[in-house]
Amino acid sequence: MPKFSRDDFLALDEKDDLAPFRDEFQLAKDLIYLDGNSLGAMPVAALAKAQDVVAREWGQDLITSWNKNGWFHLAEKLGNKIARLIGADEGEVMACDATGLNLYKLLSMALDMRPERKVIVMEGSNFPTDNYMAQGLIHQRGQGHEIRFAEQDDIMAAITEDVAVVSLTQVHYKSGYLLDMKAITQKAHQVGALVIWDLCHSAGALPVALNDCQADFALGCGYKYLNGGPGAPAFLYVAKRHQGKAMQPLTGWWGHANPFAFEQDYRPADNIWQCLTGTQPILSLSVLGCGLDIFERADMGKIRVKSMKLCDYFIDLVEEYCADFGFTLASPRDSTKRGSQVSFTHEQGYAIMQALIAKNIVGDFRAPDIIRFGFTPLYTRYVDVWDAVMGLRNIMENDLWRRPEYSKREAVT
Ligand SMILES: Cc1ncc(COP(=O)(O)O)c(C=O)c1O
């Protein structure tokens with residue numbers, strides 16, 4: 001006897017407090033969107049907001065908008081909204097620039113704060129841009145820094161007395177493995193190192209407790225779980241106790257202590273503004289605000305509980321209904337050790353994902369063989385879990401993935 005039926009999942013949706021949030025996103029009724037861990041869905045409010053910012057704020061109010069429509073303080077205002085989601089205080093977060101750029105700035109500051117040490121601990125299998133940015137920074141500084149790569153289980157042992165900075169992503173982009181922020185931060189501090197957390201797959205996906213963990217620095221992107229739109233501005237966090245203690249390397253006028261004094265020489269602000277460089281992308285920031293407004297009304301604790309359930313059910317159903325088709329779970333089975341995504345490996349993963357997308361079940365593929373499914377409790381329905389697994393079973397039973405068009409590699413996977 002099967003353990004579940006579709007009706008069981010419809011019943012869960014009926015009882016779900018978060019279910020009404022789906023209407024706040026632009027999503028077709030029959031779309032099963034399991035890729036919010038890569039590009040979040042569009043808040044319905046974003047279209048009117050973009051129109052208003054372009055037509056009225058820019059079109060009519062022009063330059064006066066810097067004051068009149070709050071453009072100058074927008075990065076800080078949105079930063080404070082993000083702060084609430086990641087366990088930070090007001091004045092510790094800025095919404096600005098790109099993820100990689102923010103890592104560059106923070107890593108440089110952290111290295112300056114540990115001038116006698118040369119080792120940076122990172123995860124070799126992390127999303128590559130973090131490692132690439134660190135390599136570029138080391139090259140540019142030319143001071144003999146080196147990266148010590150460690151994987152999940154070796155990280156603690158890699159944090160020794162010679163380490164300047166530990167720079168890690170809390171939730172792994174492929175496996176969804178959730179690192180223990182508190183334990184790693186504590187270990188780093190015990191040996192005198194600083195820690196930078198990349199929250200790309202955490203912010204908006206699960207409650208993050210930066211200050212409770214005594215984190216030093218953090219950053220993340222706006223376009224995944226925060227639903228800020230393609231290429232949305234990212235964010236960065238500097239714990240209050242570190243603000244004004246080191247200079248960031250991209251010393252543009254917005255990070256100056258008094259930008260409108262137009263002084264000849266750079267003088268950094270002694271607060272979070274020191275991390276800004278130049279004029280911020282107001283159109284994109286305004287749209288990011290729509291995603292963040294939704295989170296103001298949603299409870300992160302409830303989001304986490306639903307996320308764990310969605311992922312657990314998905315694993316159970318794949319293992320029950322697709323057991324004979326060669327999928328291997330690549331994510332932790334224990335939901336407390338997992339972010340809000342589930343990955344499986346399969347040697348035909350690419351073609352299988354293309355066949356799923358053709359059925360309106362959208363996830364993504366990460367080379368060489370991972371298919372990823374992101375669960376975003378604000379708009380993923382319980383019944384989506386059932387329907388996605390039944391779609392997957394149908395594709396496997398009928399060999400639909402073998403169609404030649406599903407093997408053609410697109411530029412973005
Ligand atoms: C952990 C992590 N860091 C950084 C990035 C991307 O950085 P950027 O927004 O600068 O392209 C990603 C993208 O998926 C990521 O998963």
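Listed by first and then second residue, the pairs linking a residue in the stretch 93-115 that is within 16 Å of the ligand (Cβ to nearest atom) to a residue that is of a type in the set (D, E, K, R), with Cβ atoms under 7 Å apart and 6 or more places separating them unless they lie on different chains, are MET94/GLU76; LEU103/ASP130; LEU103/ASP198. Of the residues LYS118, LYS105, LYS81, which is among the basic types (Lys, Arg), in contact with a His (Cβ under 9 Å, 6 or more places away or on another chain) and more than 30 Å from THR328 (Cα to Cα)? Result of the check over LYS118, LYS105, LYS81: LYS118.
For the stretch 73-92, a residue qualifies if it is assigned to a loop (DSSP other than H, G, I, E, B) and within 16 Å of the ligand (Cβ to nearest atom), and exactly one does: ILE86. Would you mind stating whether PHE365 is under 14 Å from MET308 (Cα atoms), aromatic (Phe, Trp, Tyr) and touching a residue at least 40 places away in the same chain (Cβ under 8 Å)? In short, no. In summary, strands (runs of 3 or more DSSP E) completely within the stretch 327-396 and bearing 3 or more residues that are out of contact with any helix residue (DSSP H, G or I) (no Cβ under 6 Å at 6 or more places or on another chain) occur at 341-345, 370-374.
The set of residues in the stretch 136-172 being of a type in the set (Ser, Thr, Tyr) and part of a strand (DSSP E or B) consists of SER167, THR169.
Out of curiosity, is ALA50 among the aliphatic types (A, V, I, L, M), surrounded by 14 or more Cβ atoms within 10 Å (Cβ to Cβ) and over 20 Å from the mean Cα position of the chain (by Cα)? It would help to see each step written out before you state the result.
Working: among the aliphatic types (A, V, I, L, M): yes; surrounded by 14 or more Cβ atoms within 10 Å (Cβ to Cβ): yes; over 20 Å from the mean Cα position of the chain (by Cα): yes.
When the stated conditions are applied, ALA50 passes them.
The numbered conditions (1) in a loop (DSSP other than H, G, I, E, B); (2) closer than 27 Å to GLY374 by Cα; (3) away from the ligand (no atom under 16 Å from the Cβ) are all true for GLY70 except (2).
Scanning the stretch 116-130 for residues that are in contact with a strand residue (DSSP E or B) (Cβ under 7 Å, 6 or more places away or on another chain) and within 15 Å of the ligand (Cβ to nearest atom) gives MET122, GLU123, GLY124, ASN126, PHE127, ASP130.
Condition first: crowded, with 24+ Cβ neighbours inside 10 Å, within 14 Å of the ligand (Cβ to nearest atom) and of a type in the set (Gly, Ala, Ser). Can you find one or more residues in the stretch 184-198 that meet it? Among the residues of the stretch 184-198, not one is crowded, with 24+ Cβ neighbours inside 10 Å, within 14 Å of the ligand (Cβ to nearest atom) and of a type in the set (Gly, Ala, Ser), which makes the answer no.
Every number here is computed from the coordinates shown, using simple stated rules; none is lab data. Just so we're clear, the structure is a prediction, and the values are computed from it rather than from any experiment. Because the Cβ atoms are built from the backbone with ideal geometry, glycine has one as well, and the counts that use them run over all protein chains shown.
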